[in-house]
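S.K.: Dropping the structure in here first, questions after.
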Amino acid sequence: MRPLPSWHRSSTRPCSGVSQSTGQRGRCGRTAPCSAVPRSSSPPVFTSRGASSARELRIVTAAPVSLYLRLTGVAALWGGTFIAGRIAAPELPHFTISALRFWTAFAILLPLLLLSERGLPPLRRRDLVYSALLALSGLVTYNLLFLGALELIPAGRTALVVALNPILTAVTMALVFGERLPAFRWLGIVTALTGVVIVLAKGNPTLLLQRVGRGELLMLGGAACWALYSVLGRFALGGESPVSPLALTTVTTFWGASMLSLGMPFEWSQWQASEVSVAAWASIVYLGAGGTALGFVWYAQGLQQLGAARTAVFNNLVPVFGVLLGTLLLDEVLLASMVVGGLVALAGVSLTNWSRAR
């Protein structure tokens, strides 16, 4: 396993430098001052709220701009999965699409993990348990509920599952784990959701509120599963000496692909490889490489540094990117209301992740 970064080591062991106030040498005999690296320039530091709740972490420094750019990239990649899914879904059944997606991702992630960490990192029991729960909630159940909803309700209504994730995640963190968000962050979450509703309803939000049936219930179940995934991912990457986001995503992907493969034999009679188009196979590769391998690793980095609620709010940009990509690639009509809604959603995401000067 690769060594922990300096900002983590300094928070978990005694300082080993020379105190600037006393001039005394630390335990290990180093001569570098304790404050050689200013706190403001270090990565986010996670600290516990107390000895009895060491797993409840809070972020005390701002995240780098590059992290926000990566999370925006995640939204763009996941926006593309709507198009890829629409291409592959008519030609392949649910378990098969999902299993092939995550096996593709695992085939990409495993070599990257071996290269970046010089072998397989040691995994503790908690890592295996967390990764299995993450796979069950965010990879298996979420995908099956989402695909099931697509069969029953229009894609625009199904896309609301993404927009509901940030609110459900924030509520879960507040009620279950005691993580409180300032009022302006709640305002940002609601603003982002409003923007998504404007985009999906094409300026007429009542279109999304006409009826609640089985498809909508599946959609809500998917939103709850992703909220659980975000919360579990936050704590899986916390604690002492956590595994890297790449390692966690790789193991989680393996669990998810294995679980979904159990359903593939029941679908063998529904498709033949020779009849699947090149476009459908390319969509599977995109779902695995971009939508999973890259997107899930970057999302895990956000969970580790920003927390579940602030990371999940970027999901509100997914439908926005989906609409934009549909306009560019599928010649779908782009309305003025969609542009306005996209800007409102972006403003909400920015407000949620805005850090006031202290």
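The values are calculated or read from the model by the stated rules, or taken from the named source; none is laboratory data. Everything numeric in this text was worked out from a predicted model, so none of it was measured. Don't worry about glycine lacking a Cβ; one is built from the backbone with ideal geometry, like all the others, and counts go over all protein chains shown.
S.K.: Mind counting the residues in the range 276-315 that are free of Cβ contacts under 8 Å to residues at least 24 places away in the same chain and of a type in the set (S, T, N, Q)?
M.R.: The total comes to 0.
S.K.: If you don't mind, another one. Considering only residues of the range 172-187 that are over 17 Å from residue 316 (Cβ atoms) and hydrophobic (A, V, I, L, M, F, W, C), which is surrounded by the most Cβ atoms within 10 Å (Cβ to Cβ)?
M.R.: So, considering only residues that are over 17 Å from residue 316 (Cβ atoms) and hydrophobic (A, V, I, L, M, F, W, C), the one surrounded by the most Cβ atoms within 10 Å (Cβ to Cβ) is 177.
S.K.: Report, by residue number, each residue of the range 212-243 that is over 20 Å from residue 310 (Cβ atoms) and polar (S, T, N, Q). Walk me through it before giving the result.
M.R.: If we filter the range 212-243 for residues that are over 20 Å from residue 310 (Cβ atoms), which is where we start, we get 212-222, 240-241, 243.
241, the sole residue that qualifies.
S.K.: Keeping to the range 301-328, report how many residues are modelled with pLDDT of 85 or more, out of contact with any strand residue (DSSP E or B) (no Cβ under 8 Å at 6 or more places or on another chain) and surrounded by fewer than 24 Cβ atoms within 10 Å (Cβ to Cβ).
M.R.: The qualifying residues number 2.
S.K.: Between residues in the range 259-272 that are at negative phi and residues that are outside any helix (DSSP H, G or I), which pairs lie under 6 Å by C-beta distance while being six or more apart or on different chains?
M.R.: Close Cβ pairs satisfying both conditions: 267/93; 270/93; 271/92.
S.K.: Tally up the residues in the range 308-339 that are touching an Asp or Glu at 6+ places or on another chain (Cβ under 9 Å) and closer than 24 Å to residue 254 by Cα, please.
M.R.: 1
S.K.: Then there is this: Please determine, by comparing only the residues of the range 91-143 that are β-branched (Val, Ile, Thr) and within 25 Å of residue 285 (Cβ to Cβ), which one is farthest from the chain's Cα centre (by Cα). Before you say what the answer is, go through the steps one by one.
M.R.: Taking the range 91-143 and keeping what is β-branched (Val, Ile, Thr), we get 96-97, 104, 108, 129, 140-141.
Now restrict to residues that are within 25 Å of residue 285 (Cβ to Cβ): 96-97, 104, 108, 140-141.
Details: 96: 23, 97: 20, 104: 18, 108: 18, 140: 15, 141: 15 Å.
By that ranking, first place goes to 96.
S.K.: So for the range 335-354 (the condition being polar (S, T, N, Q), in contact with a Phe, Trp or Tyr (Cβ under 8 Å, 6 or more places away or on another chain) and not in a helix (DSSP H, G or I)), does at least one residue qualify?
M.R.: Scanning the range 335-354, I find at least one residue that is polar (S, T, N, Q), in contact with a Phe, Trp or Tyr (Cβ under 8 Å, 6 or more places away or on another chain) and not in a helix (DSSP H, G or I), so the answer is yes.
S.K.: So, in the range 277-295, how many residues would count as being surrounded by fewer than 16 Cβ atoms within 10 Å (Cβ to Cβ) and in contact with an Asp or Glu (Cβ under 8 Å, 6 or more places away or on another chain)?
M.R.: 1
S.K.: How many residues does the range 64-81 hold that are out of contact with any helix residue (DSSP H, G or I) (no Cβ under 8 Å at 6 or more places or on another chain) and assigned to a helix (DSSP H, G or I)?
M.R.: 4
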